[in-house]
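Read-outs: derived from the displayed coordinates by stated rules, not from any lab. Quick caveat: nothing in here was measured; it's all calculated off a predicted structure. Note that each Cβ is placed from the backbone with ideal geometry, even for glycine, and that neighbours are counted across all protein chains shown.
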Amino acid sequence: MVDVADKLACFRAITGLEDSDLCTEILQAHNWDLELAISSFTSNHSDNHPFSSSYTATDTTATAFDPSNATIHRSDSTSIVPAGAPPPGLAWKIVTLPISVISGSLGLISGAVGFGLWAAGGVLSYSLGFIGLGSNSGRGGDSSAQLVTVSAASREAIEFVAQFERDYGSGSSTRPNFVSEGFMDALTRSRNTFKLLFVYLHSPDHLDTPAFCEGTLCSEVLSAFVNENFVAWGGSIRGSEGFKMSNSLKASRFPFCAVVMSSTNQRIVLLQHVEGPKSPEEMLVILQRVLEQSAPVLVTARLEAEERTTNMRLREEQDAAYRAALEADQARERQQREEQERLEREAAEAERKRKEEEEARDRAASEAAEKEAALARMRQEKALSLGAEPEKGPDVTQVLVRFPTGERKERRFHSAASIQSLYDYVDSLGSLNVENYSLVSNFPRVVYGTDKVSLSLKEAGLHPQASLFVELN
């Protein structure tokens, strides 16, 4: 997409206007439509057409149009007159001056009339199509089939190529391969393919045009040379863009050919122009000389483009390598982070379990201590409940208690004391780590369980002495 600065520069280069503000106002009035603005300007200023009789075939200085300031830069001069031909004298110029003026005026009038007819035909065709009388309207037409929109410049180029093939291409396959696109697109194509742009401005009304097209342009040698070494663009001066290019290139005689090249800073360099009829040999010599002179520039441009492509590819490869390394580093960091998080989770889980186990141990120890304290209090209480051990006497029973560990304990009790007193005595000793046990006599075997704890020792038959053992339940 051409930006505003490029459109302004191109408009100044083609129209020759130096006032940037005026050019901006003209483009804004046409909604920045470059082709429409140039067409309007050239049609409104056709009375000041810059065709000059002094601009003849001998004036072939290469020029460069700089759109940034609309000035013409001149480079090395290249004459298109064959070697050895002297330049015309002052008397000849004075004699031919009226003829040149009349020829230029006729060319201007024919171009303006042709452009007017083309514009009127376009308006009429659009009007008929709008009211439904076009060739594609009616019941049989396929209204859903939409044509591809092309610019006015491309449409002119397509029409020119088709007309040129009808007029000079029938029966002959040798002709320049004119591109079917506008001048700026053709210039871009030549820049991208590192070739010069061969420009042919076609004047259908000129007497020398048929012979030049058939004998020179369509000659096998010249057309093959042009097709191989140039990008060819042609336009009729009856068309809008052809008329504009004849204005920009200051074409005063026809047939008119030129060789241009796209340069830097939005400049269009005019390397050579040829006015008037020429033989294939003369054209070939001129084009070969221009090609040889421009070869270093084209080679340099190609090398610079290849270097840019190589650098771009290298940068892309470096960027790809950098992205791959970055992704690898990120994956490695992510893996390390996940591993660190896993280790932290495991450590946290282990710490949680350790704390739980420690709390469980502390709780068990506390419970055990509390239980031991409770047992100690119970033993103390039961020991106090027994009272002092009585002395031997007829109402005193001697009791021997054997424990599962083989330990023996002996004590005296009042014969009226209950069997519960024996259990309290065993509990007060603290020799057992269990609470559920029974006192049993062997001969005869009697279990003094909970149903007999209220009996006195005498009632239970344990007076005056008894031997009991502890049986764990």
Points 7 angstrom from Cα along the Cβ direction at Ile158 and Asn229: gap in nanometres?
-> 3.3 nm
Label zone at Asn192, where the point sits 7 Å out along the Cα-to-Cβ direction: the stretch 221-242 residues whose backbone N lies under 20 Å | 227-234
What are the aspartates and glutamates whose alpha-carbon lies under 16 Å from the alpha-carbon of Lys195, with same-chain residues fewer than 8 places away excluded?
-> Asp185, Glu228, Glu292, Glu304, Glu306
Straight-distance crosslink candidates among lysines, where the alpha carbon sits under 19 Å from Lys7 and sequence neighbours closer than 8 are dropped | Lys244
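From the Cα gyration tensor of the stretch 221-317, with a ≥ b ≥ c the square roots of its eigenvalues, which class applies: rounded if a/c is under 1.5, or else prolate if a/b is larger than b/c, or else oblate?
Details: a/c = 2.66, a/b = 1.73, b/c = 1.54.
Cα axes put the stretch 221-317 in the prolate bin.
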Obtain the nm distance between the two label points defined at Glu307 and Arg363 by a simple spin-label model: each point lies 7 Å from its Cα along the Cα-to-C-beta direction.
-> 8.2 nm
Rounded to the nearest 0.05, what FRET efficiency do Asp33 and Arg166 have when you use their Cβ-Cβ distance and R0 = 45 Å?
-> 0.90
Residues in the stretch 320-345, backbone N under 20 Å from the label point at Glu351 (7 Å along the Cα-to-beta-carbon vector): list them, ranges by number please.
-> 337-345
What percent do you get for the relative contact order of the stretch 351-414 when only Cα pairs under 8 Å and 6+ apart count?
-> 23 percent
Burial order of peptide ranges 212-221, 300-309 (average beta-carbon count within 10 Å, highest first) | 212-221, 300-309
Please give the FRET efficiency for Val447 paired with Thr405, using the beta carbon to beta carbon distance and R0 = 22 Å, rounded to the nearest 0.05.
-> 0.60
For the stretch 275-356, the spread of Cα positions along each principal axis, largest first, Å | 109, 19, 14
Dividing the alpha-carbon radius of gyration of the stretch 320-371 by 2.2 N^0.38 Å (N being the number of residues), what value is obtained?
-> 2.23
Subtracting the Cα-Cα distance of Arg267 and Leu314 from 0.36 nm times their residue separation yields 13.9 nm
Excluding residues fewer than 8 positions from Lys382 in its own chain, the lysines with Cα under 26 Å of it are Lys371, Lys392, Lys409, Lys452, Lys458
Treat each spin label as a single point 7 Å out from the Cα along the C-beta direction, and report the Gln288 to Ala388 distance in nm.
-> 15.5 nm
Mark the label point 7 Å from the Cα of Thr174 along Cα→Cβ and return the residues of the stretch 240-281 whose backbone N is within less than 16 Å of it.
-> 279-281
